[in-house]
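The values are calculated or read from the model by the stated rules, or taken from the named source; none is laboratory data. If you're wondering where the values come from, they're calculated on a predicted model, not measured in any experiment. In this analysis, Cβ positions are derived from the backbone assuming ideal geometry, glycine residues included, and neighbour counts consider all displayed protein chains.
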Amino acid sequence: MSMRKNFQCKTKQQYFRGSISSGVRDWLFHAGSFMQRLQEHGIKDARIEVLNQDWQFPEENERVLLNMRPRVYALIREVLIASGKDEWMFARTVFPPAALTGKLRQLRNLQTRSLGSVLFKDPALQRSEFEIYFDANKQQWTRRSLFFLQEKSLLLTEVFLPAMERFF
């Protein structure tokens with residue numbers, strides 16, 4: 001799945017004034033753990049399927065957001081969050097090398113654990129405002145945000161897949 005999107009940063013207020021449903025807004029702007037939110041909505045068997053995890057060059061827009069120099073590799077992890085036959089979300093995380101040191105070194109070996117299972121345990125975690133993109137052709141919402149922890153940052157892009165319409 002390509003992440004070459006022209007994200008348009010819109011504030012919560014812009015979306016609250018628009019015609020977007022409250023169900024979509026609630027999921028798009030939920031700053032906590034997506035996996036935990038699924039559980040709260042009755043999805044108890046959600047799992048992480050790792051599609052790819054490799055050192056690659058990030059997309060230019062990702063590199064710029066992370067203040068990375070050109071031609072520097074990042075660990076890029078792409079996963080599918082699913083349960084049963086339902087596919088809920090595609091997620092792509094870009095970890096600059098500096099973000100994988102010290103206490104955060106464990107992020108290199110998440111395997112089938114969720115990113116949130118590590119990040120949301122730390123009370124010092126900060127998350128940026130969301131950037132939102134709507135693909136009219138696929139009728140699909142995408143959001144991305146930066147996470148800041150221990151003076152390090154990483155970028156998470158999340159694509160809400162068609163099964164999410166159940167909650168919208």
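Numbers for the structure displayed
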quantity	calculated
For Gly23: the one exception among (1) in contact (Cβ under 8 Å) with a residue 24 or more places away in the chain; (2) within 24 Å of Leu107 (Cβ to Cβ)	(2)
Among the candidates Arg127, Arg92, Arg69, residue that is touching a Ser or Thr at 6+ places or on another chain (Cβ under 6 Å) and surrounded by fewer than 16 Cβ atoms within 10 Å (Cβ to Cβ)	Arg127
Failed condition for Gln106, given (1) farther than 19 Å from Pro162 by Cβ; (2) touching a helix residue (DSSP H, G or I) at 6+ places or on another chain (Cβ under 9 Å); (3) at pLDDT 95 or above	(3)
Positions within the range 83-116 being touching a residue at least 60 places away in the same chain (Cβ under 8 Å), small (Gly, Ala, Ser) and farther than 15 Å from Ser153 by Cα, in sequence order	Ala91, Ser114
Near pairs, Cβ below 6 angstrom, 6+ apart or cross-chain, from the range 58-74 (farther than 19 Å from Arg108 by Cα) to any residue that is among the hydrophobic types (A, V, I, L, M, F, W, C) and at pLDDT 95 or above	Leu65/Leu155
Matching residues in the range 111-148 - criterion: being under 22 Å from Leu161 (Cα atoms) and part of a loop (DSSP other than H, G, I, E, B)	Gln111, Thr112, Arg113, Ser114, Leu115, Glu129, Phe130, Ala136, Asn137, Lys138, Gln139
So Arg63, is it closer than 23 Å to Gln140 by Cβ, basic (Lys, Arg) and surrounded by 12 or more Cβ atoms within 10 Å (Cβ to Cβ)	no
